[in-house]
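Accompanying notes for the structure given below.
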Amino acid sequence: MSSSYENSNYTLERKDMLLGKTISIIFTAPVYAKNNRLIIGNGKFIPWLGKVSSDLKRFKKLTLNQTVIMGRKTWDSLEHKPLPDRQNIILSRNPDIIFEPSDIPLKDWTFLEIGVTKSFESAILMAKSQTVWIIGGAEIYKLALPYVDYIHRTLISGRFDGDIFFPEYNLNEWRKDKEKSIFLKAKELENTMDEYDSFYEVFERKEVI
Ligand SMILES: NC(=O)c1ccc[n+]([C@@H]2O[C@H](COP(=O)([O-])OP(=O)(O)OC[C@H]3O[C@@H](n4cnc5c(N)ncnc54)[C@H](OP(=O)(O)O)[C@@H]3O)[C@@H](O)[C@H]2O)c1
């Protein structure tokens, strides 16, 4: 991973702007990087989606009843179906065209709110939960990185092609939480449909002096 960290300098002043909320990025990528960059998507989609169900289950468990923030293109890839039982906030510079959710009946969801906003800071201020989850894609991860406290990443041991990448960040600024990080061997898992082994890792930002 590159050590360049331009446009993403974390400062305590920036954190103050976010009313003390905890900001967590969550993403999945194949362990095999392309040109040293972690692939997170191919065109509109995630090529390994549905092939590592333990990761989806964990994603759901972590984010349920909390706020998720995503970019308009990720919202498009969800076909405008908000993630159920979460406050969904979508970032766009042109909110008018995307506010319409899909025709799935809203009564199916117990905790649903869709917000569209033009700036990352206002998205955080709209967020109702104390922990706010940044769920992609690449543009929004890049916007969020200067504010982020935790990175939850799952590396999948499969080879996939892609053209959307997680932004560069400096691993030296992060401390791995070894207790939370786990390696899952697909063949040994019960009650999941995992086709690939996966490594789930949690990184906490080192203290800023
Ligand atoms: N592997 C993973 O964990 C994961 C997770 C999520 C998504 N993905 C993948 O990532 C890809 C999408 O990522 P992406 O980078 O192309 O798009 P994205 O980050 O999902 O969305 C980009 C859009 O966000 C809006 N935006 C960006 N900066 C903004 C700002 N400063 N203020 C307001 N709005 C802003 C713009 O929307 P407007 O154009 O409407 O203005 C922009 O076009 C897809 O392939 C998806 O499947 C992967």
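The values are calculated or read from the model by the stated rules, or taken from the named source; none is laboratory data. Everything numeric in this text was worked out from a predicted model, so none of it was measured. Because the Cβ atoms are built from the backbone with ideal geometry, glycine has one as well, and the counts that use them run over all protein chains shown.
Tell me, which residue of region 143-184 that is more than 11 Å from the ligand (Cβ to nearest atom) and part of a strand (DSSP E or B) is surrounded by the most Cβ atoms within 10 Å (Cβ to Cβ)? Before the answer, list the steps.
Looking only at region 143-184, we keep the residues that are more than 11 Å from the ligand (Cβ to nearest atom), and these are 145-151, 157-159, 161, 168-184.
Cutting the leftovers down to part of a strand (DSSP E or B) gives us 150-151, 174-176, 182-184.
Numbers: Tyr150: 18, Ile151: 22, Trp174: 17, Arg175: 13, Lys176: 13, Ile182: 14, Phe183: 11, Leu184: 20.
Among residues in region 143-184 that are more than 11 Å from the ligand (Cβ to nearest atom) and part of a strand (DSSP E or B), the one surrounded by the most Cβ atoms within 10 Å (Cβ to Cβ) is Ile151.
Scanning region 79-92 for residues that are within 9 Å of the ligand (Cβ to nearest atom), more than 13 Å from the chain's Cα centre (by Cα) and not polar (S, T, N, Q) returns a single hit, Leu91. In region 91-99, the condition of being buried (at least 19 other Cβ atoms within 10 Å of the Cβ) and modelled with pLDDT under 95 is met by at least one residue. Considering each residue of region 117-138 in turn, at least one proves to be at pLDDT below 90, under 14 Å from Gly71 (Cα atoms) and β-branched (Val, Ile, Thr). Screening region 52-74 for residues that are closer than 18 Å to Met193 by Cβ, crowded, with 18+ Cβ neighbours inside 10 Å and of a type outside the set (Gly, Ala, Ser) and picking the one that is nearest to the chain's Cα centre (by Cα) gives Phe59.
From the list Glu204, Glu190, the one residue that fits, being more than 16 Å from the ligand (Cβ to nearest atom), closer than 24 Å to Gly50 by Cα and out of contact with any Pro (no Cβ under 8 Å at 6 or more places or on another chain), is Glu190.
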